[in-house]
Structures are given as structure tokens and as C-alpha cells.
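Report on the following structure.
The values are calculated or read from the model by the stated rules, or taken from the named source; none is laboratory data. Please read these numbers as outputs of a predicted model, since none were measured by experiment. Methodologically, a virtual Cβ is constructed for each residue, glycine included, from the backbone with ideal geometry; neighbour enumeration extends over all protein chains shown. Accessible surface areas use protein heavy atoms only, side chains included; no ligands, DNA or RNA. Shrake-Rupley method; radii C 1.70, N 1.55, O 1.52, S 1.80 Å.
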Amino acid sequence: MIRLDELTKIFDTPSGQVVASDRVDMEVPEGEICVLLGPSGCGKTTTMKMVNRLIEPTSGKIFIGDTDVTKQNPIELRRTIGYVIQQIGLFPNKTIEDNICAVPDLLGWDRKKSRARAAELLEMVALDPGTFLKRYPKELSGGQQQRVGVIRALAADPPVMLMDEPFGAIDPINREVIQDEFLRMQGDFKKTIMFVSHDIDEAVKMANRIAIFDAGKLIQYDAPDDLLAHPKNSFIADFVGGDRTLKRLRLITVGDAMMSDPPTVRAEDTLADAAAKMEEHGHISIVMVGPKGRARGIVYLSDARGAKGRVGENHKKLPASINAREDLRTAVSMMFTHDETSLAVVDDDGFYKGYVTQRGITHLLGATYRDA
Amino acid sequence: MARNPHTAALDDLEADNVADGPPVGTLKAGVNRMAGATRTLAALAEGKAATAWRWVLLALVFAAGAWAWASGLLPSMYDLREDIVYLLDQHVRLVLISGGLAILVGIPLGVWLSRPSMRRYAEYLIQVLNIGTTIPTLAILALSMSILGIGTLPAIFGLFVATLLPIVRNAYAGCQSVPPHLIESATGMGMTPMQILMRVEIPNALFVIFAGVRTALAINVGTVPLAFLIGGGGLGELIFQGIALNDFAMMLAGAIPTALLAILVDFLLAQSQFWLIPRGVNPLR
Ligand SMILES: Nc1ncnc2c1ncn2[C@@H]1O[C@H](COP(=O)(O)OP(=O)(O)OP(=O)(O)O)[C@@H](O)[C@H]1O
Ligand SMILES: [Mg+2]
């Protein structure tokens, strides 16, 4: 847990005082990622650097767990905090192995143990230890260096990490990949992370909570969905963007939005039965499932009404189905692609679990506004 | 000083060496060179050119030797062998003592100037040093003599001062050139200032520091023959007396070993620069 208590930093500059952090109060719960967000110069970096005392606060307190870090020896403190910066800062004179082991070496870890850990961490970010351990930073691509920068910060297994725009210098496609990789590792490691970003999409993706700053002040500190649904004022609304409701689509999984226990038909059922079932539920189509419950095809009401024969001979191919773990953004995109207003939802093994509809999604997104 | 062909060759050699390391004014360029791969290639090409020059020089020396043999110069030089050995010994001592002291003092001094606590004074001091390097080495020797009199001590002191300047300047510039984000990331992971200096700053400045040493020793080796003029001894004795007596053999007996020594010193330094500096911060490999 990281807790900031009335944290303030005032820089004295030749042109007067600059209040970089203005009585910031916030808490990052154990094992969560908090993204600090805001326009350039709003004090994100300053606020973060006070946590590992690269910048000394003017006033206020910082707690990690129960310890007041302003009373701790800064050198020892920093060795317990992983630190990643946008420029990465790998040491060009050291091999990748020695770079990753920098903090373990400072802590006097057994060499064998730290070197084994370096290889293990490299594998976690899909870099082959045999190839990369003995290389120098200049022999790596930018994305590879960035990955090494992140695992170097993780090497001594610090409970807390500070990351200042760690993926800011990477191209958008690679950035997505590294973000996913990092989220997967975070799923295992459960570090308490303060993460500076200027990219709202990155924040929505990475954060358990987002803190938005303006001119040194913490304006709003909320879970991404709350922030997008209920921006506190016009500054936040402008900052998160006019398409903020669309951004929320990313945060909700298909599984959360789907109607479960859907009506189904089997191949041996008659079309008349199928039409009756659809009319009973008020649907315009119904999914045909196999003997074990896998989605196999679809029957439309327009085709089934008044027709003779069995579903097995008269169904159509399922235009699209979506995994329950995907987010709603993908679902909506898929609906637009296939010109459908509903999608069959399946699990990893292809079993039919339910369906999502455009109406259902708009209703769900709208619910939070109606409650407010 | 008489510009006879042999001292002129020495001057050329010196100029060549100076261009080889990041020189006085273009140190920044040398530093930048460390960054880009294309620039590394440029540096390599430059290194090749320097090597080519060395071969040309060697060939010239060889041709001169052949000619000397034919004209009977070599036998008369051979008669001077005892003087040559004695003076060469003195000569090498002058190089080792003055150069060694300059390295021992210059590097720590340069590194110390680069500390944040010295920031306010460092730039002024470096300006003074820059002016210092424009003073011809012969003038430095003369000044040294005017303070310390005649003999080995003023010679060593003068050589030391002339050698010191490029070393200090490069050590300072090398440390300054270490990117601030490296220091930030080292600080952020919990290194002490001393650890940052030893594990991050010096290793990353090493190439530039080494280039300074190379430049400095080239100046040193090129200046040592002048030490004779203030009573410091060395092979300059043969050269200058040869000139004075119009004794071509004697002059060459001093000039040839001096030239060979210069080539040898630069060769050794180039090799150690290549092999001692880790691959990650060595633009030559
Ligand atoms: N060392 C310093 N001395 C004086 N002013 C400073 C110093 N560091 C930061 N500031 C000022 O404090 C304010 C906040 O800076 P900070 O670096 O925290 O911004 P930021 O939110 O990280 O911005 P960015 O997104 O551009 O990185 C800025 O106005 C900046 O000019
Ligand atoms: Mg910043």
C-alpha cells in the first residue's frame, strides 16, 4: 500500500514558485495499479518521485505499508522499490544479465540465485535467455530494451513499483503487446504500482484506479469505469474525451453483459417448434446447438415461421460468435462488421453460453447514468 | 626550432595522434560519436585511415633506413649505440614518469571537477585548461625551467603539465557526457553516489577518458625530445647536437628511436583501448 498524505512540493525557480504537487491525498491499495494521469506539467512525475525520494517533499507524508518513507534511509528505501523510466536507463557498460541483476547485486544476493532469476524473468517477457543474457543494451531493439527495463525493476522482487511513462517511447502496436505482457505478469506478482501516463487509453487499460491531476492538484481518483461514467467536472470530461462512453466498452467483458440461459433448438427439432420458441421469447433468431451444447448454426424467425421440416436441414451458418472473455468493444466491432444486432457468446470450448445484443449493451452503459 | 625533415615527421605523427582521440575542440563530436551506430562506422573508417598512415610512415622510415645504410650513415649510427641505449633509457623514463603522474593526477582531477558540488567552478577551470592547451609545449618547458631551473625535475614537471591538460579535460567531459537518465535510474535503484561513480559514470566515460590519455601521451612522446633543451636529457640530446654539429648520423640516431617509440606507444594504447573497454561502451567494437 502507498499512501500520500497532504503531499506538497514547491519548486523555487528564478521566475517564482512552482507548486508541482498541491496537498495530494491518495492511497494505492496493495496489489493494485494506480495510473497518474493529466496534462503535461501537472505534477505526475514530481508526485511519483517523492515516493522514492528522488524529490524531497516540501511538506506532507508518504507511507508505504506502515512506514513513513520520509524517515527512512533513502538508499535502502530505493532498493525496495522498482523504478522504471521512459528513457529506460539500461547501463550500456553492463550486459543484459548484469543490468537485470543490478539491484540484487546491490542487496548482496547470491550470484547464482540472481543470475537464475535474470534468466527466468527474460523468459517471462519472451526473450530467450541463451541469446540475450550476454548481450549489451545497444544490441537490443527499443522494445526489447523496454522489456528488460521492466524486468530489471522486478528483479529483486520489490513490493512496490514506480513507473514513469514506461511504454511511452514504443510504437503503438508494440506498446499493446508489452502492456498485455505486463498485465499478465502483474496478475502473478500483484505489485503495488504507481504508473505515470499521459495516455487515457493506456490508463483505462492498465489501471485499477486512475488519478487525474491538474496544476499539481489531484482532481479525481476513481476506478476507470467510474471515472469515464462520472467525470467530476468539465476538466475531467474534456480530458477523458467525448468518446468516454465508448472507452468504457473496453472495461466490460462480454461475459458480464450477456444474457445467459438462452433458448436453443436442436437439429431434430421441427421448424414449427423453433418458431414457437422464438415467439415465446420475442427473438428473431435462435441458435442451434449440438448434442453437448456447442453452437452449431442459427435459424431466423422469418425462415421458420409457417415452414415445414427440421432445424437440422434448414439452419444457416452462425454469422459470428464471440468469446465471453472478450471486451464489449470487440463485441460491438463484430456486430458492425457482420451487420448483426446480437452475437452468440461461447466459452473457450465453443459451448453456447448466451448472447449479447446492441440494446443490451446500450442499456448496460446507460444504467449508470440513469442511477446517478 | 629548425624544421628538418625528421622533427617535421614527428610533428606529423603528433598531429595524426591528436586527431585520433577526441581532440581539443571537437570533444563533443567524439562523445556524440559514441551514440550512433553510423557514427561508429565513421569512427572505424577513421581508425582505418590512421592505421594506413602508420604504414606509410613505417615504409618511409624503412626507406630512410635503406638509404642510410647505403650512404654509410648506419655504420656511424651504430658507433653511437651506447649513447643511444643510455639516452633511450632516460627518454623512456621521462615518458613513463611524467605520463604516469599525469594519468594518476589527471583522471581523478577531471572526475572530481565533474561532481555536482564542483559545477560552479568546473566550467571556469576547464576554460583555463583550454587556454593552457593552446600554449606550445616548448613554451611550457621554458616556463617550467624559469621556475624550477635546469635538470630532470623541471623537464618532468613541464612534460607533466603539458600531458595533464588533455587528460583532465577528457575525464571531465567524459563524465559530463554520461546521460542524466542513467544517473537517475542508478539513483532510483538505490546506488550510493560512490557506486554510481564507479559502476555507471566511469565505465561509461571510459572511452572518452582513454581517448584523452592517448592524445596526452602522443603530446608527451612528441615533446620529450625537447626536454634536452632544459637539461632533461633523453634522445633529444642526439637530435639537437646532430643538428648543431651538422652530423646527420647523430641526428638520425636520436630521431629514429624517437619516432619508433611514438609509434609503439600509440600502438599499445590503441590496442588497450580496443580490448580493455567493454564492448557495450566501445564504439570501436
Ligand atoms: N527541478 C525542478 N525545478 C523547478 N521546477 C520543476 C522541477 N521539476 C519540475 N518542475 C515543474 O513542476 C511542474 C510539474 O512537473 P512534472 O515533471 O511533475 O510534470 P509531469 O506531470 O510529469 O509532466 P509531463 O507529462 O510533461 O512529464 C512543472 O511545471 C515543472 O516545470
Ligand atoms: Mg513526467
(message) Of all beta bridges DSSP finds with both residues in chain A, what is the antiparallel percent, to the nearest 5?
(response) 60 percent
(request) Return the FRET efficiency for the residue pair B:Ala70, B:Phe267: r is the Cβ-Cβ distance, R0 is 35 Å, and the value is rounded to the nearest 0.05. (result) 0.80
(request) Quick one: what are the phi-derived ³J(HN,Hα) couplings along region B:61-73, Karplus 6.51/-1.76/1.60 with θ = phi - 60°, whole Hz, x for glycine and proline? (result) 4, 5, 4, 4, x, 4, 5, 4, 4, 4, 8, x, 5
(request) Express in nm, to one decimal, how much length is gained between A:Ala307 and A:Phe235 on full extension, taking 0.36 nm for each residue of separation and deducting their alpha carbon distance. (result) 20.0 nm
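State, as an integer percentage, the relative contact order of chain A based on alpha-carbon contacts under 8 Å between residues 6 or more apart.
About 16 percent, as a whole number.
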(message) Need one value for B:175-185: mean number of C-beta atoms belonging to other chains within 10 Å of its residues' C-beta atoms.
(response) 4
(request) Using per-residue counts of other Cβ atoms within 10 Å, averaged over each peptide, order A:58-67, B:251-260, A:286-295 from highest down. (result) B:251-260, A:286-295, A:58-67
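Place a +1 charge on the Cβ of each Lys and Arg in region A:2-251 and a -1 charge on the Cβ of each Asp and Glu, then give the dipole magnitude about the Cα centre in debye, rounded to the nearest 20.
On the way: 33 positive and 37 negative charges, 117 e Å.
The dipole of region A:2-251 has a size of about 560 debye.
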(request) Pull up the DSSP beta bridges for the protein assembly as shown and report the antiparallel fraction as a percent, rounded to 5. (result) 60 percent
(message) Quick check on my link table: of A:Lys191/A:Lys247; A:Lys61/A:Lys205; A:Lys44/A:Lys134; A:Lys44/A:Lys71, which ones sit more than 27 Å apart, alpha carbon to alpha carbon?
(response) A:Lys61/A:Lys205; A:Lys44/A:Lys134
(message) Restricting to bridges with both residues inside region A:254-368, how much of the DSSP beta-bridge set is antiparallel, in percent to the nearest 5?
(response) 75 percent
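Compute the FRET efficiency between A:His281 and A:Glu76 as 1/(1 + (r/R0)^6), taking r as their Cβ-Cβ distance and R0 = 45 Å, and round to the nearest 0.05.
0.10
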(message) Take B:Val56 and A:Leu246, extend 7 Å from each Cα along the Cα→Cβ direction, and tell me the distance between the two endpoints in nm.
(response) 6.6 nm
(message) Give me a comma-separated list of calculated 3J(HN,Hα) values for region B:122-127, in order, Karplus coefficients 6.51, -1.76, 1.60 applied at θ = phi - 60°, integers in Hz, x for any Gly or Pro.
(response) 4, 4, 4, 4, 5, 4
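Set the Förster radius R0 to 22 Å, insert the Cβ-Cβ distance between A:Asp261 and A:Lys316 as r into 1/(1 + (r/R0)^6), and round the FRET efficiency to 0.05.
So the FRET efficiency works out to roughly 0.45.
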(message) Once each part is reduced to its C-alpha centroid, what is the distance from region B:78-148 to region B:263-285 in angstrom?
(response) 22 Å
(message) Can you order the peptides B:77-84, B:103-110 by their average number of other Cβ atoms within 10 Å per residue, highest first?
(response) B:103-110, B:77-84
(request) For A:Ser321, list long-range residues whose amide hydrogen, built 1.01 Å from N in the peptide plane, is under 5 Å from its own amide hydrogen. (result) none
(message) If I stretch the segment between A:Trp109 and A:Thr368 completely, what's the gain in nm (0.36 nm per residue apart, minus their alpha carbon distance), one decimal?
(response) 88.1 nm
(message) If each DSSP helix of 4+ residues adds -39,500 (n - 2.57) and the sum is divided by the residues in the protein assembly as shown, what number results at 222 nm, nearest 500 deg cm²/dmol?
(response) -17500 deg cm²/dmol
(request) May I ask you to list the lysines whose Cα is less than 22 Å away from that of A:Lys308, ignoring any residue fewer than eight positions away on the same chain? (result) A:Lys277, A:Lys316, A:Lys317
(message) I'd like the mean, over residues of A:100-112, of how many other protein chain beta carbons sit within 10 Å of each residue's own Cβ.
(response) 2
(message) Test of the criteria: in region A:172-251, which trypsin sites (Lys or Arg not before Pro) are in a DSSP loop and have at most 16 other Cβ atoms within 10 angstrom of their Cβ?
(response) A:Lys190, A:Lys232
(message) As a test of the definition: with a 1.4 Å probe, what buried accessible area, both sides summed, do you compute for A against B, in Å² to the nearest 100?
(response) 2000 Å²
